[in-house]
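Chemist: Could you have a look at this structure, given as structure tokens, before my questions?
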Amino acid sequence: MKKDPLEYIKVASFVIIAISLSVIAWNSSKEISYLQEIEDQLGSIKVALNTHLER
């Protein structure tokens, strides 16, 4: 039995959507890591400033 060409298009569309969502999730996780590093550095700066101001 021959499959409808629209079924192939539908499956291809779902595959493209799934790949796109995984790329978005991967990029988001990279950005979260980057922002957490910045947050850690800002915490270190805050501690250093507080230590300096207490003197």
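Chemist: Have a look at P5, Y34, I45 and report the one farthest towards the positive end of the charge dipole of the chain, computed about the Cα centre with Cβ charges (Lys/Arg +1, Asp/Glu -1).
Modeler: Final value for the positive-end residue is P5.
Chemist: Given all pairs of different Cα atoms, what value in angstroms does the Kirkwood hydrodynamic radius of the chain take?
Modeler: 15.2 Å is the Kirkwood radius here.
Chemist: Can you work out the accessible area per residue across the chain, with the rest of the protein chains kept in place, probe 1.4 Å, in square angstrom? Don't skip to the end; give the middle numbers.
Modeler: Numbers: 5410 Å² over 55 residues.
That works out to 98 Å² per residue.
Chemist: Roll a 1.4 angstrom probe over the protein heavy atoms and tell me the percent of accessible area of the chain that is carbon or sulfur.
Modeler: Values: 3620 of 5410 Å².
The computed percentage sits at 67.
Chemist: Something else: Which whole-Hz ³J(HN,Hα) couplings does the range 20-25 yield from phi under the Karplus relation 6.51 cos²θ - 1.76 cosθ + 1.60, θ = phi - 60°, glycine and proline marked x?
Modeler: Karplus-based 3J(HN,Hα) across the range 20-25 equals 4, 5, 5, 5, 4, 5 Hz.
Chemist: If you plug each phi of the range 31-48 into the Karplus form 6.51 cos²θ - 1.76 cosθ + 1.60 with θ = phi - 60°, what whole-Hz ³J(HN,Hα) values come out, in order, with x for Gly and Pro?
Modeler: Residue by residue, the range 31-48 yields 5, 4, 4, 4, 5, 5, 4, 4, 4, 5, 5, 5, x, 5, 5, 4, 5, 5 Hz.
Chemist: Using a 1.4 Å probe and ignoring any ligands, DNA or RNA, find the accessible area of Y34 and quote it in Å² to the nearest 10.
Modeler: Roughly 130 Å² of Y34 is accessible to a 1.4 Å probe.
Chemist: Hey, got the dipole for the chain? About the Cα centre, +1 on K and R Cβ, -1 on D and E Cβ, debye to the nearest 20?
Modeler: 260
Chemist: With a 1.4 Å probe and every protein chain left in place, tell me how much accessible area K10 has, in Å² to the nearest 10.
Modeler: About 100 Å², rounded to the nearest 10.
Chemist: Stretched out fully, how many nm does the piece from I32 to V11 gain, at 0.36 nm a residue minus the Cα gap? It would help to have the intermediate numbers written out before the result.
Modeler: On the way: separation 21, 0.36 × 21 = 7.56 nm, distance 3.15 nm.
Full extension from I32 to V11 adds 4.4 nm.
The values are calculated or read from the model by the stated rules, or taken from the named source; none is laboratory data. This is a predicted model, so every value here is computed, not measured. Heads up, the Cβs are rebuilt from the backbone with ideal geometry, glycines too, and the neighbour counts pull from every protein chain shown. Areas reflect the complete protein model, heavy atoms only, side chains present, ligands, DNA and RNA absent. Shrake-Rupley method; radii C 1.70, N 1.55, O 1.52, S 1.80 Å.
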